[in-house]
1. Taking segment 41-61 as the search range and keeping residues that are aliphatic (A, V, I, L, M) and farther than 16 Å from residue 92 by Cβ, which one is surrounded by the fewest Cβ atoms within 10 Å (Cβ to Cβ)?
2. Cβ-Cβ under 9 Å, sequence separation 6+ or interchain: first residue in segment 34-56 and outside the structural domain of residue 102 (by TED's automatic domain parsing) and part of a helix (DSSP H, G or I), partner at pLDDT 85 or above and buried (at least 16 other Cβ atoms within 10 Å of the Cβ). Which pairs?
3. Tell me, which strands (runs of 3 or more DSSP E) lie completely within segment 73-188 with 3 or more residues that are touching a residue at least 40 places away in the same chain (Cβ under 8 Å) and touching a strand residue (DSSP E or B) at 6+ places or on another chain (Cβ under 8 Å)?
Amino acid sequence: MYLGLLCCTALFVYAVTGIEATTYTRPAEREKAPVITRYEAFSAPASGSDAEVARAAAAKLAVPLTGPPGQIRRDDGNNLQFNLYPPNGLVRVTLLESESRVRVEATRQPFGRLLGNLHEVTMRNPSGDIRMKLWKYYNEFAMWCLMLMVVSGIFLWLSSRPGHKLGLLSFAAGAAALVLILAAGRIF
């Protein structure tokens, strides 16, 4: 019970994410999220590598809740591009060196997808923002607690009601259905 109370926020995020994933439309049927474009002044360090320049631009932009720049590359016009991944969408940054500025294209996602992205944050996600670090520790703790609650609940149910044939039959049918669903997911 106390584990459930400690993990209440994460369990809410998991529940909303499950409902959102169930009702989410296929990628081809989704409406495209609007892209918000803005420009900011930025002079790239002359002697820096692409990764150093990307880190400097990301630090100047200070997009909240992001980790280090990802997918650093050059486009056809030899402009440096990189992505930042906050939970609420993608931020694509293009360094326009000849103009001494950066173009920032931000795509915002709906609330359900935001919670889905928070649901996916684990210890493997790099982040420099303290709020995301705290969330990933809390989320990891909540995942382990959820697994512990499931295992202890099954143990308590099996040990307290060993004579209930209908309950054991329901448990076996549910376990078999889960195995079939997982097997069908690998096939299709």
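1. First pass over segment 41-61, keeping only residues aliphatic (A, V, I, L, M): 41, 44, 46, 51, 53-54, 56-59, 61.
Cutting the leftovers down to farther than 16 Å from residue 92 by Cβ gives us 41, 44, 46, 51, 56, 59.
Details: 41: 9, 44: 18, 46: 6, 51: 13, 56: 17, 59: 11.
Out of the qualifying residues, it is 46.
2. From segment 34-56, no pairs qualify.
3. Details: elements: 80-84, 91-96, 101-107.
Fully inside segment 73-188 and qualifying: 101-107.
The values are calculated or read from the model by the stated rules, or taken from the named source; none is laboratory data. The model shown is predicted, which means the values in this text are computed figures rather than measured ones. FYI the Cβ positions are ideal-geometry reconstructions off the backbone, even for glycines, and counts take in every protein chain you see.
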